[in-house]
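The values are calculated or read from the model by the stated rules, or taken from the named source; none is laboratory data. Predicted model only: the values in this text are computed from it and were never measured. When we count neighbours, we look across all protein chains shown, and the Cβ atoms used for this are built from the backbone with ideal geometry, even at glycine. Accessible surface is based on the protein model in full, side chains and every heavy atom, while ligands, DNA and RNA are left aside. Shrake-Rupley method; radii C 1.70, N 1.55, O 1.52, S 1.80 Å.
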Amino acid sequence: MATARTANPAQMIGLNKPANGQLRGQAALLAAAQQPSALQKRTSIPQSSGGIKFGDDWKKCLELPPKDTRMRTADVTSTKGNEFEDYCLKRELLMGIFEMGWEKPSPVQEESIPIALSGRDILARAKNGTGKSGAYLIPLLERIDLKKDHIQAIVMVPTRELALQVSQISIQLSKHLGGVKVMATTGGTNLRDDIMRLDETVHVVIATPGRILDLIKKGVAKMDKAQLIVMDEADKLLSQDFVVLIEDIISFMPKDRQILLYSATFPISVQKFMNKHLKKPYEINLMEELTLKGITQYYAYVTERQKVHCLNTLFSRLQINQSIIFCNSTQRVELLAKKITQLGYSCFYIHAKMMQEYRNRVFHDFRNGLCRNLVCTDLFTRGIDIQAVNVVINFDFPKNAETYLHRIGRSGRFGHLGLAINLITSEDRYNLKNIEDQLVTDIKPIPSSIDKSLYVAEFHSVDPDDDENDYDDHGGAKNKELGGI
Ligand SMILES: Nc1ncnc2c1ncn2[C@@H]1O[C@H](COP(=O)(O)OP(=O)(O)OP(=O)(O)O)[C@@H](O)[C@H]1O
Ligand SMILES: [Mg+2]
């Protein structure tokens, strides 16, 4: 492969060659991309002219997104049957929740919301895409006191894109709360802008560790009255890369602050931090099984030189709505993106060595469905939520089980169906077996044709008004013959 330099990724927009097996035509892609991810477009039910009215009819005034007709697996449907209204939340917050299209709490939200509201520390482990962001943001926003103008809560995340995503969700959820000020602060942006912003009222900070610590140490971000710190992707934040920064940040907070930890993976290394900083944490573990029920995993055995050809075949045979393709280095991301473009498929790429401006643009445009395929490093492995992604491809196989789990969890969001395909070279063989064992999962050899009902939305949509249509497992709606994995 020839070397490619970091080009403006936007150059790769619009190279959609029609003659391939990917779902053809931008309209189809956009239609699916606009499944009601709350951050995407929505149709609105007209409000009464005086804006939102309070009274028994408040629910009728909501601007609801279109119903998502895709089936959902038991990963999100096996709840206790709680309602968001059971938690005595402010009505304005409930309005924001319902306008996200969230009708009922997911299992992790049921477990987490009441405990977080009570002020107790939490360690919560729940599968990818099952609503952990809502599980901490709802109680966090409920507890913001608008009469006070200092920072009251901070959410730490490991990547800048995730910070943007979480701050967008916070803004959406708090839309009717009348003045909750949310600020995202990350590296790669102008420090002076952040300093000026912090001169005004900020109630909630969503941050990556380096930048917020810088602002705290400069005395600009004041943490002495911040009662709550959330660590999303906590195990990553508590890994060697970040833990020193996190402990430093916590040292600026009040002694009786509340700490909430969320992730799908909690390696044993987290225990040390927990023992040191958490007070009788309430432990939530919804991961008796580790992989998502809705994701079918395959591998294709290839040599390094066959990988691009194999990818080309996958593109021509699969019905990809949107795909994320992982490589193990920045350089390989760029090389592969170039190859894919040469093959005539539309493709963006993103990695941490790109300018933040471009990263933001790629993230924004990909989630809005402007391009079908995204090639990336592990920058996009954790937390990134793009509902239209139905296929994840490990062009390079990851080194460890945590990374594998988070990567494949980029499809099959909120219990939907998805496909994970791994290109395996002879060097990866041992790793494949290892990861299968650690995750107690079955990665099967790829068949010559893949049943579309396993991953294509139009093959598994249901009547939105029929509650009996919950999806139990691979293969169809409430098929009683199919047990759990
Ligand atoms: N109660 C709900 N009802 C319907 N959809 C929901 C609900 N809660 C969250 N969602 C949607 O589910 C998707 C996944 O949520 P989220 O990103 O919070 O998952 P997560 O558990 O944090 O996943 P990850 O482990 O990958 O970070 C989002 O698109 C979100 O809007
Ligand atoms: Mg998350």
- Task: Could you grab me the full set of residues in the stretch 411-443 that are under 16 Å from ILE320 (Cα atoms), within 16 Å of ligand 1 (Cβ to nearest atom) and not basic (Lys, Arg)?
- Result: SER411, GLY412, HIS416, LEU417, GLY418, ALA420
- Message: I'd like the residue in the stretch 205-239 that is under 11 Å from THR185 (Cβ atoms) and either surrounded by 24 or more Cβ atoms within 10 Å (Cβ to Cβ) or among the charged types (D, E, K, R) (or both) and, out of all such residues, is nearest to ligand 2 (Cβ to nearest atom).
- Response: ILE206
- Note on the structure: Over the stretch 265-298, the set of residues more than 30 Å from ILE421 (Cβ to Cβ), touching a Leu at 6+ places or on another chain (Cβ under 6 Å) and part of a loop (DSSP other than H, G, I, E, B) is PRO281
- Looking at ILE408, ILE446, which one is away from ligand 1 (no atom under 16 Å from the Cβ), in contact (Cβ under 8 Å) with a residue 60 or more places away in the chain, within 12 Å of THR296 (Cα to Cα) and aliphatic (A, V, I, L, M)? ILE446
- Of the residues in the stretch 373-389, how many are open to solvent by less than 10 Å² (accessible area, probe 1.4 Å) and either assigned to a helix (DSSP H, G or I) or within 15 Å of ligand 1 (Cβ to nearest atom) (or both)? 7
- Which numbered condition GLU99 misses (of (1) open to solvent by less than 40 Å² (accessible area, probe 1.4 Å); (2) more than 9 Å from ligand 1 (Cβ to nearest atom); (3) under 30 Å from VAL244 (Cα atoms); (4) out of contact with any helix residue (DSSP H, G or I) (no Cβ under 6 Å at 6 or more places or on another chain)): (3)
- Of the residues in the stretch 114-154, those that are of a type in the set (Val, Ile, Thr), touching a helix residue (DSSP H, G or I) at 6+ places or on another chain (Cβ under 9 Å) and either under 13 Å from LEU261 (Cα atoms) or more than 16 Å from ligand 2 (Cβ to nearest atom) (or both) come to ILE115, ILE122, ILE154
- Could you look through the stretch 227-245, keep only residues that are outside any loop (DSSP other than H, G, I, E, B) and farther than 15 Å from GLN271 by Cβ, and pick out the one that is farthest from ligand 1 (Cβ to nearest atom)? VAL244
- Task: Take the stretch 323-379 and flag every residue that is more than 20 Å from VAL389 (Cα to Cα) and in contact with a strand residue (DSSP E or B) (Cβ under 7 Å, 6 or more places away or on another chain).
- Result: GLU334
- Task: Test each condition in (1) under 30 Å from ASP428 (Cβ atoms); (2) open to solvent by less than 50 Å² (accessible area, probe 1.4 Å) for HIS277 and report the one that comes out false.
- Result: (1)
- Of all the residues that make up the stretch 246-281, how many are within 16 Å of ligand 1 (Cβ to nearest atom) and either of a type in the set (S, T, N, Q) or more than 30 Å from LYS218 (Cα to Cα) (or both)? 5
- Query: Restricted to the stretch 374-391, and to residues that are under 14 Å from the mean Cα position of the chain (by Cα) and away from ligand 2 (no atom under 16 Å from the Cβ), which residue is nearest to GLU161 (Cα to Cα)?
  - Reply: ALA388
- Go through (1) open to solvent by less than 10 Å² (accessible area, probe 1.4 Å); (2) part of a loop (DSSP other than H, G, I, E, B) and name the single condition HIS406 misses. (2)
- Go through (1) buried (at least 21 other Cβ atoms within 10 Å of the Cβ); (2) in contact with a strand residue (DSSP E or B) (Cβ under 9 Å, 6 or more places away or on another chain); (3) closer than 27 Å to HIS351 by Cα one by one and return the number of the condition THR159 breaks. (2)
- Query: Do any residues in the stretch 116-131 that are more than 13 Å from ASP232 (Cβ to Cβ) have Cβ atoms under 7 Å from those of residues that are acidic (Asp, Glu) and more than 14 Å from ligand 1 (Cβ to nearest atom), where the two are at least six apart or on different chains, and which pairs are they?
  - Reply: LEU117/GLU142
- Tell me which of these VAL392 doesn't satisfy, since it passes every other one: (1) within 12 Å of ligand 1 (Cβ to nearest atom); (2) of a type outside the set (Lys, Arg); (3) outside any strand (DSSP E or B). (3)
- Task: Pull up the stretch 322-372, narrow it to residues that are open to solvent by 20 Å² or more (accessible area, probe 1.4 Å) and closer than 22 Å to ILE408 by Cβ, then point me to the one that is farthest from the chain's Cα centre (by Cα).
- Result: ARG332
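Among the strands (runs of 3 or more DSSP E) confined wholly to the stretch 114-192, which include 3 or more residues that are away from ligand 1 (no atom under 14 Å from the Cβ) and either within 23 Å of the chain's Cα centre (by Cα) or of a type in the set (Asp, Glu) (or both)?
Values: elements: 122-125, 153-156, 182-185.
Of the strands (runs of 3 or more DSSP E) lying wholly inside the stretch 114-192, those with at least 3 residues that are away from ligand 1 (no atom under 14 Å from the Cβ) and either within 23 Å of the chain's Cα centre (by Cα) or of a type in the set (Asp, Glu) (or both) span 182-185.
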- Message: Please verify whether GLN40 is of a type outside the set (A, V, I, L, M, F, W, C), modelled with pLDDT under 85 and either assigned by TED's automatic domain parsing to the domain that holds ARG367 or open to solvent by less than 30 Å² (accessible area, probe 1.4 Å) (or both), treating the condition exactly as stated.
- Response: yes
- Task: From GLU92, GLU103, GLU111, GLU85, grab the single residue that is within 27 Å of TRP58 (Cα to Cα) and part of a loop (DSSP other than H, G, I, E, B).
- Result: GLU103
